[in-house]
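Here's the structure we're looking at; comments come further down.
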Amino acid sequence: MEKIEAIRDHSLSPEMEDLLASLSQTLNTPNSIYLTITASDLKFEPVKDINGKEVPVSLFMYMTQIETSPDTELRRNAYQSLSNGLKKYQHGLAQTLSSEIHNNVSIAKLRNYPTTMDYLLQYDSPANNHFYAGDGVSPQYFEDVLDTFQQELSPHMQRYARLRKRQLGLDELLFSDVKAPLDPDFDPPISYKEAGEIIVEAVGPLGSEYQELMRKVFKERWVYRGDNVGRRMIAFGGGVHGVHGYSFYPWGGNLFDVLLLGHELGHAIHYTLSAQNQRFINNGQSLLFVEAPSTLIEHLIVQYLRENRDDPRLHRWLNMYSMMSYHHNCVTHILEAELLRRLYKMADQKIPLTTTVISNTKGTILSEFWGDTVVIDEGAKLTWMRQPHYYMGLYPFTYSIGTSASTVIAKRIQKEGLSVGEQWTDVLKRGGTMNGFDLFKMAGLDMSTTDVIKQAIAHVGNIVDELENSF
């Protein structure tokens, strides 16, 4: 009811609402075409690794395995294959993205919003994702978040890029090198059983109720961990109301898998706590909040291993993992949101969104963030084609909100102990009965300003300091 009330002033006549509803599939056509092309039509040439072995290339394999490979030749060859494949579809996919944006511009005008950004921050997207309604996100807040990350996180990431270039002995750091490992020989194997023991112990600070649920995950086999043909080729966590949460994670058997499995189980336990305490209609979660419970488990695992393993090389690896997580959530996704901000403002001003405009705008954003530390080539300008996030309203920026919040909560748990963790567990039980800002407030965080974000960015700076001193 609160969500309905929030958009009352922008509701149209019943006849017009029926008309728009009947056009939902048509309005979702750009998204459908994008997904079809990238899933079925887009192909990439296989490449050779440093040993001359042929390696297949796909969007999924590149983003989950190849771009973090220690093999520079493989990374760069695969990046070129990826860029060549994307280039063949650049004009068609630019048209789908332009159509998606102009659909939203038209609906925003129809509903009498001052800008398309105002509309997207309040309304569900044409893809029917229901992302923001009821969260009370203002355009100014959205812009402040983007500005804060780009202005204050950029110097730390540039320092880290210089360290990577120096440590890898590269003449120049290409865009294909920005996630290359700094200590490629450190990759300790770990069994699934040991991973479960680590995760269960790591969540102890969240209280006995949370820890017991996590123990059930492994006793009752809530995880689908086989890498079988026909499974969804991503890691994710969810659940069925009235049953419990589930996690789908293809177990690989190393420390990296422990942290990512913990992330997905954070989603599964969140869903379970919400479902146990809320009716089905209130079991949805705010997208502003939803990445905080998952990334918090990553932080807790890192803290647990640092406190219980006396291994300087492991501690350094944990810092590098944390930087990769921040890169994903607070760089990649924030720069996606920045591209959306600029493109929607152009569209509101009736500037044509051609292939050249979209790609050059992406290149400019990357150059502004990385400065002279990373070479931004033509392939980097095409990275807007890799992700479906551009067809999901302004969704990408929410990753950084959840990650910032979980960073600060983890530090408070480390300092103040069980009381903070148990309060967090109580917040997870609220499900969709509160908006994102109120959920964070209940946890003791004021996310209506950028103060918490700045604390998280300072933490990233401290990690870079430690890494610089460790080599």
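Of all residues in segment 336-370 being of a type in the set (A, V, I, L, M, F, W, C) and without any contact (Cβ under 8 Å) to a residue 60 or more places away in the chain, which is surrounded by the most Cβ atoms within 10 Å (Cβ to Cβ)?
LEU340
Got at least one residue in segment 91-112 being polar (S, T, N, Q), farther than 23 Å from PRO352 by Cα and assigned to a helix (DSSP H, G or I)?
Within segment 91-112, none of the residues are polar (S, T, N, Q), farther than 23 Å from PRO352 by Cα and assigned to a helix (DSSP H, G or I).
If I filter segment 78-93 for residues that are surrounded by fewer than 13 Cβ atoms within 10 Å (Cβ to Cβ), over 30 Å from PRO181 (Cα atoms) and of a type outside the set (Lys, Arg), do I get at least one hit?
Checked against the condition, which is being surrounded by fewer than 13 Cβ atoms within 10 Å (Cβ to Cβ), over 30 Å from PRO181 (Cα atoms) and of a type outside the set (Lys, Arg), segment 78-93 yields at least one hit.
Can you work out which of the residues in segment 416-450 that are polar (S, T, N, Q) and under 14 Å from VAL203 (Cα atoms) is surrounded by the fewest Cβ atoms within 10 Å (Cβ to Cβ)?
Ranking the candidates gives SER419 first.
Within segment 17-39, can you find the residues that are more than 20 Å from GLY85 (Cβ to Cβ) and free of Cβ contacts under 8 Å to residues at least 60 places away in the same chain?
Matches in segment 17-39: GLU17, ASP18, LEU19, ALA21, SER22, LEU23, GLN25, THR26, SER32.
Do we find a residue being within 30 Å of PHE44 (Cβ to Cβ) and β-branched (Val, Ile, Thr) anywhere in segment 443-462? Full working, then the answer.
Just the residues of segment 443-462 that are within 30 Å of PHE44 (Cβ to Cβ), to begin with: none.
No.
Given (1) over 30 Å from GLN80 (Cα atoms); (2) in contact (Cβ under 8 Å) with a residue 40 or more places away in the chain; (3) assigned to a helix (DSSP H, G or I), identify the lone condition not met by PHE397.
All conditions are met except number (1).
Taking the residues in segment 1-24 that are surrounded by 11 or more Cβ atoms within 10 Å (Cβ to Cβ) and either among the β-branched types (Val, Ile, Thr) or under 31 Å from the mean Cα position of the chain (by Cα) (or both) as candidates, determine which candidate is nearest to PRO114 (Cα to Cα).
Only one residue fits best here, namely HIS10.
Please work out if ASN104 is within 24 Å of the chain's Cα centre (by Cα), polar (S, T, N, Q), modelled with pLDDT of 90 or more and surrounded by 15 or more Cβ atoms within 10 Å (Cβ to Cβ).
When the stated conditions are applied, ASN104 passes them.
Which residues, taken from segment 371-400, are closer than 24 Å to THR64 by Cβ and of a type in the set (A, V, I, L, M)?
VAL374, VAL375, ILE376, ALA380, LEU382, MET385, MET392 - these are the residues of segment 371-400 that are closer than 24 Å to THR64 by Cβ and of a type in the set (A, V, I, L, M).
Which ranges mark the helices (runs of 4 or more DSSP H) fully within segment 404-471 that have 3 or more residues being closer than 30 Å to GLN278 by Cα?
Qualifying helices (runs of 4 or more DSSP H): 418-428, 436-442.
Can you report the number of residues in segment 191-203 which are within 26 Å of the chain's Cα centre (by Cα) and in contact (Cβ under 8 Å) with a residue 40 or more places away in the chain?
Result for segment 191-203: 7.
Can you tell me which of (1) closer than 27 Å to VAL427 by Cα; (2) surrounded by fewer than 24 Cβ atoms within 10 Å (Cβ to Cβ); (3) not charged (D, E, K, R) is the one PHE289 doesn't meet?
(2)
Out of (1) touching a Gly at 6+ places or on another chain (Cβ under 9 Å); (2) in contact (Cβ under 8 Å) with a residue 40 or more places away in the chain; (3) surrounded by 15 or more Cβ atoms within 10 Å (Cβ to Cβ); (4) not in a helix (DSSP H, G or I), what's the single condition that is false for VAL57?
Only one criterion is unmet by VAL57, namely (2).
What number of residues within segment 250-286 are without any contact (Cβ under 8 Å) to a residue 60 or more places away in the chain and either crowded, with 17+ Cβ neighbours inside 10 Å or more than 25 Å from ARG430 (Cα to Cα) (or both)?
Summing the residues that are without any contact (Cβ under 8 Å) to a residue 60 or more places away in the chain and either crowded, with 17+ Cβ neighbours inside 10 Å or more than 25 Å from ARG430 (Cα to Cα) (or both) in segment 250-286 gives 11.
Name every residue in segment 239-294 that is at pLDDT below 90, among the polar types (S, T, N, Q) and farther than 15 Å from GLY402 by Cβ, in order of residue number.
SER247, ASN254, ASN282, ASN283
Report yes if some residue within segment 206-217 is buried (at least 19 other Cβ atoms within 10 Å of the Cβ) and within 20 Å of HIS315 (Cβ to Cβ); otherwise report no.
Looking for residues that are buried (at least 19 other Cβ atoms within 10 Å of the Cβ) and within 20 Å of HIS315 (Cβ to Cβ), one finds none in segment 206-217, hence no.
Table: residues versus (1) in contact with a Gly (Cβ under 7 Å, 6 or more places away or on another chain); (2) not β-branched (Val, Ile, Thr).
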residue	(1), (2)
LEU20	no, yes
THR29	no, no
LYS43	yes, yes
ASP49	no, yes
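In segment 434-446, is there at least one residue being at pLDDT below 95 and of a type in the set (Phe, Trp, Tyr)?
Checking segment 434-446: at least one residue is at pLDDT below 95 and of a type in the set (Phe, Trp, Tyr).
The values are calculated or read from the model by the stated rules, or taken from the named source; none is laboratory data. In this text, all values refer to a predicted model and were calculated from it rather than measured experimentally. A quick note on method: Cβ atoms are made from the backbone with ideal geometry, for glycine too, and the neighbour counts reach across all protein chains shown.
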